[in-house]
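What follows draws every value from the coordinates through simple rules; no lab data is involved. The shown structure was predicted, so the numbers you read here are calculated from the model rather than taken from an experiment. Ideal geometry is used to build each Cβ from the backbone, glycine not excepted, and the neighbour counts take in all protein chains shown.
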Amino acid sequence: MSTNEREAHYHAMSVEAVLAAVEAHASGLSAPEAARRLSRYGANRLPEPPRRSAILRFLSHFHNFLIYVLLGAAAITAALGHLVDSSVILAVVIANAIIGFIQEGRAEQAMDAIRQMLAPKSSVMRDGERHSIDSASVVPGDIVLLEAGERVPADLRLVEGTGLRIEEAILTGESVPTDKETKPVASGAMIGDRSCMAFSGTLVAGGAGRGVAVATGASTEIGRISGMLSQVETLTTPLVRQMDGFARWLTILILLIGGVLLVYGYFVGHLPFAELFMSVVGLSVAAIPEGLPAVLTITLAVGVQAMARRNAIVRRLPAIETLGSVSVICSDKTGTLTRNEMMVTALASADHIYSIAGDGYAPEGAIRLADADVDPVEHELLLEFARTCALCNDAALHSHDEGWKVVGDPMEGALKALAGKITRQGAAAFADWTRTDTIPFDAKHRYMAVLHHDHEGHAWIHVKGAPERILAMCSVQRTSDGSTHAIDADYWRKRMDDIAAQGQRVLALAARSTAPDHVVLNTADLDGHMVLVGLIGLIDPPRPEAIAAVAECHGAGIGVKMITGDHAGTAAAIARQVGLQHPGKVLTGADLEAMSDAELAAVVVDTDVYARTSPEHKLRLVTALQSHGLTVAMTGDGVNDAPALKRADAGIAMGQKGSEAAKEASDLVLADDNFASIAVAIREGRTVYDNIKKVISWTLPTNAGEATTIITALFLGMALPVTAVQILWVNLITGITLGIALAFEPTEEDTMKRAPRSGKEPLLTGALIWHIILVSALFLAAVFGMYTYAIDKGHAPDLARTIALNTLVVLEIFHLFFIRNIYGTSLTLKAVRGTRVVWICVIAITLAQFAVTYLPPLQQVFGTQPVPLFDGMLIVAVGAVFFAVIEAEKQLRIVFQRTEQSPYS
Ligand code: ATP
């Protein structure tokens, strides 16, 4: 069976012949047989593309314009005989590459772990039951169930299909979905014409079906043509790319300034060339932010990991930035704001309202009528409820040690449990009926219909779905005595509103018998012919953490909107329970259709609940919100949600109930489907953006401060207060320690109390430019001041320089503590206590400074001298004054700053 020869002909064989050839059965493989085949055929995975070798990856860290400039400087410095300086420059470059290499490795591990978390699942039949397994465990012979939005996990020969359409662009290049059926085709048919096959990696665009796996892993068509379509995601975002470009231009500018200084110093200042050149090298190393790209990458990697730990998996990295600026979230209701743990609690028939007891999905519990238990077997109509619930159903209930679990749609699981309660046959109720045909559920038509035949040859049609839809199909209703009467629409509407007002999902059931030779189900068999059985009310309580998260979002100036396929009454009740701002104002899909885009845009900001919507409406809502300049996050799960997810600024797919199509269109996947994880992701997004801003706000002024010190000395024709090699030293140690510490900064306290940042906000804001100027000026004053003070005091120039050098490092440390709290004050106990990373860095750098100041071998290399205690204390005092000045300036700015406005604050 493993030869290509035979695989190539499955499409030409009958279903029975294929099942026989792969030794499969319609009820699926047994678990031991599946395990045996898994070890024989291997995991259903495509071979991974080879990775670049470690050496190549390490060398790639030297392939950078900034590094070339530094390497050039090292070469010329060596040629001039300054071997010490040359070695220090090389040490800076190598340290930078090592940090980059290690961090890239960690970042890649983080991304790998995330890819693992996104590993696709498939539904297969095993031992006659439906199971959800990792797609990697699908083996030849497995019966695989396909639904709209799923990726086909293996090459399948279809054995069943209703309206199945599959998009096979990755194999055939054809983006229009192909209609699939089960009839064999000619053996010479091309891939695109093999209409009875579903190929691994293709996407189910509509309908449902099942097929038997005939090839897995590398033996599939996709495995044969390409191996994996390798998707390499590099750790970058628009902001980081912008910074890369900025760093490159800055380098060019610095080189130009260096050139001017060289010419000016040599021809005007008449300074010796070698000394001058060294100063210019010192200037370049001081001013070029060579460590910045690596630190920004680390910041992103830290953010991605933090989000993944909290169930928010970033699929596209730019989303991290976008998440930080989200101003409105459009969320699904079921499963996101609510638990999606459904239970039927009420049944409404034409003449009774029953209440249902029970626990979770356990198919046992009492049926009550007016507070008294009833014997369901005596209530003919209840059996019809049970039959419709059990048969019009694709879910399965399994009993585990921890209780009953659903495989499939939780709502259908709840209906299965109800059928078990009524029939008292547990999960096995009506298992002996055979399904002949199906009209699968579709969010657009909102019902599901099935045609069954029992052992005596009776044929029945059962339908369940949104009540309006089902009522429209029925001309008569069934009463408890078994008779039928004309539909009393007002009665049902009232029942429906009553159930919905309690926040319960309402579903209607209908059934009818049909001719035994009826084998194909069409919509024409339903319309006007069905007999209404009754209504069902299902509770699906809100998630308590979602209620808290909604409040947190409101506090952060972020609007929350609920977009649901559910009934308006149910939606409004749940909206009230989770605390949306305008729960009473509901627009339905029909309302939206009656509105023009302009009319919708006019009401969209103040309307929070959208009910009975179809996926297409989501796209209009995103566009309407974006027309107000809002940054929109939109959740989705179905195949039809993909366009809205793509259009939204941050598309968020559900990890559990989401289809592969939705996940692939999204930027973020919620592993737990929980609204609270969106709030967490936004908080992390804001933190990452803040940290990127902090890294930049620390690096640029520090570099600028060092550079201005050198430039000023050169222009004034003074001796340098800090030598080139000392500047190199400072950059080497601070680059490794202080810069990176900021990448690990935790979330600031008021992060979720601020209005969202405007998506258009530039990185180099006026405030940041001002900060760079201020800090540069203070650095200049302090370093020159301390140098002049030391010279005046009669210290030797080398000691004066050592004092200036230490002043520079102390200023950088104080600047770091200032930058850690860009929005609040740095003068709280918490701010002073810092984080572990910060303190490790501060201790490391202090030890390094002591070493360079007091250890004789290092004194020789760097031309330093031991600093007396008093001067040492003075240096720290200068640092403290510097801190006080910039902190006071920040407080003044905070007081006078206009607070930003959000339409949702
Ligand atoms: P939300 O948008 O809040 O997540 P949802 O996605 O569950 O809600 P849909 O799946 O679009 O909403 O369902 C809309 C309506 O269709 C439901 O209110 C219900 O009446 C009906 N419905 C849902 N699932 C089924 C099903 N499997 N069979 C029949 N009808 C269904």
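Take the Cα pairs of region 356-402, get the Kirkwood Rh, then feed it into Stokes-Einstein at 25 °C and 0.890 mPa s and tell me D in µm²/s.
Values: Rh = 12.4 Å.
Reported coefficient: 198 µm²/s.
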Relative contact order (percent, whole number), region 344-539, Cα cutoff 8 Å, 6+ residue spacing
23
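Eigenvalues of the Cα gyration tensor times 5, then square-rooted: what semi-axes does that give for region 783-878, in whole angstrom, largest first? Write down the numbers at each step before the final one.
Numbers: eigenvalues 155, 52, 17 Å².
Listed largest to smallest, the semi-axes of region 783-878 are 28, 16, 9 Å.
Compute and list, largest first, the equivalent-ellipsoid semi-axes of region 482-573 from the alpha carbon gyration tensor, each √(5λ) rounded to a whole angstrom. Don't skip to the end; give the middle numbers.
On the way: eigenvalues 296, 53, 24 Å².
Three semi-axes, in Å: 38, 16, 11.
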Whose amide H sits under 5 Å from the amide H of VAL159, counting only residues 5 or more places off or on another chain, with H placed in the peptide plane?
ARG210, GLY211, VAL212
Farthest toward positive dipole pole in region 344-539 [+1 Lys/Arg, -1 Asp/Glu at C-beta], among LEU521, HIS458, TRP433:
LEU521
Eigenvalues of the Cα gyration tensor times 5, then square-rooted: what semi-axes does that give for the chain, in whole angstrom, largest first?
67, 32, 21
Which value in deg cm²/dmol, rounded to the nearest 500, describes the helix-derived mean residue ellipticity at 222 nm for the chain, given -39,500 (n - 2.57) per DSSP H run of n ≥ 4 and division by the residue count?
-15000 deg cm²/dmol
Going toward the positive end of the dipole of the chain, with +1 on Lys and Arg Cβ and -1 on Asp and Glu Cβ, which of VAL560, LEU158, MET278 do you reach last?
MET278
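Starting from the Kirkwood radius over alpha-carbon pairs of region 1-147, derive D by Stokes-Einstein at 25 °C in a medium of 0.890 mPa s and give it in µm² s⁻¹. The partial results should precede the final answer.
Working: Rh = 20.4 Å.
Rounded to a whole number, D works out at 120 µm²/s.
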Taking Rh as the Kirkwood radius computed over alpha-carbon pairs of region 292-438 and applying Stokes-Einstein at 37 °C with viscosity 0.692 mPa s, one gets a diffusion coefficient in µm² s⁻¹ of 177
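Could you order peptides 389-395, 368-374 by the average number of other Cβ atoms within 10 Å of their residues, highest first? Before the final figure, lay out each step's value.
Numbers: 389-395: 23.6, 368-374: 10.9.
The peptides rank, most packed first, as 389-395, 368-374.
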Lys and Arg at +1, Asp and Glu at -1: add these up for the other residues within a Cβ distance under 13 Å of ALA427 and post the number.
+2
Rh_Kirkwood(region 344-539) over Cα pairs, Å, one decimal, evaluates to 16.7
What's the Kirkwood radius of region 309-387 in Å, using all Cα pairs?
16.7
Would you list the P(r) distribution for region 713-780, with all Cα-Cα distances sorted into 5 Å bins from 0 and each bin expressed as a whole %?
3, 11, 9, 16, 23, 14, 10, 6, 6, 2, 0
Normalise the Debye intensity by I(0) for region 641-694, one equal point scatterer per Cα, no solvent, then take log10 at q = 0.29 Å⁻¹ and round to two decimals.
-1.06
How big is the dipole moment of the chain about its Cα centre under a simple scheme where the beta carbon of each Lys and Arg is +1, that of each Asp and Glu is -1, and everything else is neutral? Debye, nearest 20, please.
2460
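Determine, for each peptide in 833-843, 715-725, the mean count of other beta carbons within 10 angstrom over its residues, then list the peptides with the highest first. Working shown, then result.
On the way: 833-843: 14.7, 715-725: 18.5.
Listed from highest to lowest mean packing, they are 715-725, 833-843.
What size of dipole, in debye to the nearest 20, comes out for region 344-539 about its Cα centre when the only charges are +1 on Lys and Arg C-beta atoms and -1 on Asp and Glu C-beta atoms? It would help to have the intermediate numbers written out before the result.
Details: 17 positive and 28 negative charges, 96 e Å.
I would put it at about 460 debye.
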Sorted by average packing, counted as other Cβ atoms within 10 angstrom per residue and highest first, what order do 504-517, 287-300, 67-80 take?
287-300, 504-517, 67-80
Here the membrane-span-like helices of the chain, with no claim about any membrane, defined by DSSP H, Cα axial extent at least 30 Å and mean Kyte-Doolittle at least 1.6, are 766-792
Where q = 0.26 Å⁻¹, what log10 of I(q)/I(0) comes from the Debye formula for region 677-764, counting one point per Cα?
-1.29
Which value, in debye to the nearest 20, describes the size of the charge dipole of region 271-414 about its Cα centre when Lys and Arg Cβ atoms bear +1, Asp and Glu Cβ atoms bear -1, and nothing else is charged?
1060
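Taking the Cβ-Cβ separation of ALA524 and ASP432 as r and a Förster radius of 25 Å, what is the calculated FRET efficiency to the nearest 0.05? Display every interim value, and only then the final one.
On the way: r = 29 Å, r/R0 = 1.14.
So, using R0 = 25 Å, E works out to roughly 0.30.
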Take the Cα of TYR823, step 7 Å along the line toward its Cβ, and report every residue of region 552-584 whose backbone nitrogen sits under 17 Å from that point.
552-559
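Step by step: find N for region 210-354, compute 2.2 N^0.38 Å, then divide the Cα radius of gyration by it. What's the final number? Kindly include the intermediate steps, with their values, before the conclusion.
On the way: Rg = 29.8 Å, N = 145, 2.2 N^0.38 = 14.6 Å.
Region 210-354 yields a ratio of 2.05.
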